[in-house]
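**Student:** Below you will find the structure I want to go over with you.
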Amino acid sequence: MSKFKSPNPVGPYSMFRKLSSGGWITSGQIPIDPENGTLNNNSVEEEVIQVFDNLEAVLSDNGKSLNDVRKFLVFLTDLSITPLVNAEIEKRLNEPFPARSTIQVAGLPMGANVEVECLG
């Protein structure tokens, strides 16, 4: 069981889906505080940490962990956030790190600055 609690989705989608190929995918996680359903956006650093806490919770709820991730898809409102994401990945995972795509976007749900989904 994860030490983190999964947030509720903010729309009609699944947080985790098994694929017919045997792999899986998570929905994009934004920095929603699962305790109150609000955005944890006190700082960009806290957003990044909350996103990875949420990913860990969703994965744990489905018998997976960050160590099972093959690829991260990272969406940022500003690419200057990338070093914070890198630091969080290095803190939580060991090499070899998963593949990753990082994309700058104009906006994210609820005004978040960070969204991450993963494939396994």
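Laboratory data are not the source of any read-out in this text; all were calculated from the coordinates shown. A quick note: this is a predicted structure, and the numbers were derived from the prediction, not measured. For neighbour counting, all protein chains shown are included, and Cβ atoms are generated from backbone atoms with ideal geometry for every residue, glycine included.
**Student:** Can we say residue 111 is surrounded by fewer than 18 Cβ atoms within 10 Å (Cβ to Cβ) and small (Gly, Ala, Ser)?
**Tutor:** yes
**Student:** Separate question: Suppose we filter the range 67-101 for residues that are within 27 Å of residue 12 (Cβ to Cβ) and surrounded by 13 or more Cβ atoms within 10 Å (Cβ to Cβ); how many remain?
**Tutor:** Result for the range 67-101: 9.
**Student:** Against the conditions (1) under 18 Å from residue 109 (Cβ atoms); (2) surrounded by 17 or more Cβ atoms within 10 Å (Cβ to Cβ); (3) in contact (Cβ under 8 Å) with a residue 12 or more places away in the chain, where does residue 40 fall short? Just the number, please.
**Tutor:** Among (1) under 18 Å from residue 109 (Cβ atoms); (2) surrounded by 17 or more Cβ atoms within 10 Å (Cβ to Cβ); (3) in contact (Cβ under 8 Å) with a residue 12 or more places away in the chain, residue 40 violates only (3).
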